[in-house]
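The values are calculated or read from the model by the stated rules, or taken from the named source; none is laboratory data. Predicted model, so just to flag it, every value in this text is computed and none were measured. Cβ atoms come from the backbone with ideal geometry, glycine included; neighbour counts cover every protein chain shown.
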Amino acid sequence: MDMRRRTLLGGAAATGLGLTGVGLSAAPAQASPIGSGWTEINPGYSVHQPPGATRHTYDSSTGEHHFWVYDSDPSTFPGQDSGPRSELRFKNDYTSGQAQFECDMTVKSSAHRVCVFQVFGAATQATAFMALAMNNNSLAYYGKTDQVIYRPIYDTTLRLNVVHDTTARAVHVFVNREFQVSYADHGAGTHYFKCGLYGRDGMSARSDCYVRNVHLYRK
């Protein structure tokens, strides 16, 4: 696994994102992508939930999505390697260039072994990147949960930015506008973003997550 920790404004990650010389302050609620040259897009989304169940609500007055899922919920896609889920599948399909996801996210303390964000699509596995909420109060890299991306996460609002550079074949993760880590993306594919809750083996009995101020960008 290619995992490279870098300083926020140094190295290839900062240069490729157009960050050199840019001071990054605390994130406002409005659109505020990491780096320069981005165009905001509004591709729409579909909601993935367990069959016959409601596990997602949207408050139009606040723009907040509430996701919850139980470990006893049936698979959203029976017959596939798929646990119970309540998530948004954004229709931002892409195969080249750079794409960025941004949101404010609150993960409740009950959440364990649930994926809260994905970059879907890759050559060697299903996803380019998955971030997992763990009961040690951390956001971890799926498949290597000892690789902590950020902590603490429970019951606090985090500004999450994830940048996928298909040319560099890398995914860069920022929390509260500070660079955390980069990962290799597992190769070319048709990619798109997902956020919410996707339960994995050993997940908690119930998990809850709140997401608002969602913005997607391309360049």
(request) Check every one of the strands (runs of 3 or more DSSP E) wholly within segment 17-109 and list those with 2 or more residues that are aliphatic (A, V, I, L, M) and modelled with pLDDT of 95 or more. (result) 98-107
(message) With of a type outside the set (Phe, Trp, Tyr), farther than 19 Å from residue 97 by Cα and touching an Asp or Glu at 6+ places or on another chain (Cβ under 8 Å) as the only criterion, which of 137, 213, 176 stands out?
(response) 213
(message) I'd like to check something: does segment 201-215 contain any residue that is farther than 21 Å from residue 40 by Cα, modelled with pLDDT under 95, surrounded by fewer than 19 Cβ atoms within 10 Å (Cβ to Cβ) and among the charged types (D, E, K, R)?
(response) yes
(request) Mind listing just one residue for me: the one in segment 105-131 that is out of contact with any Gly (no Cβ under 9 Å at 6 or more places or on another chain) and crowded, with 19+ Cβ neighbours inside 10 Å and, of those, nearest to residue 205 (Cα to Cα)? (result) 111
(request) Report, ordered by the first and then the second residue, all pairs with beta carbons closer than 7 Å, sequence separation of six or more or different chains, a first member in segment 78-92 that is among the hydroxyl-bearing types (Ser, Thr, Tyr), and a second member that is outside any strand (DSSP E or B). (result) 82/75; 82/76; 86/49; 86/55
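Scan segment 199-213 for residues that are farther than 19 Å from residue 104 by Cβ and part of a strand (DSSP E or B) and jot them down.
Within segment 199-213, the subset farther than 19 Å from residue 104 by Cβ is 199-206.
Once the filter is applied, which keeps residues that are farther than 19 Å from residue 104 by Cβ and part of a strand (DSSP E or B), segment 199-213 yields 199, 206.
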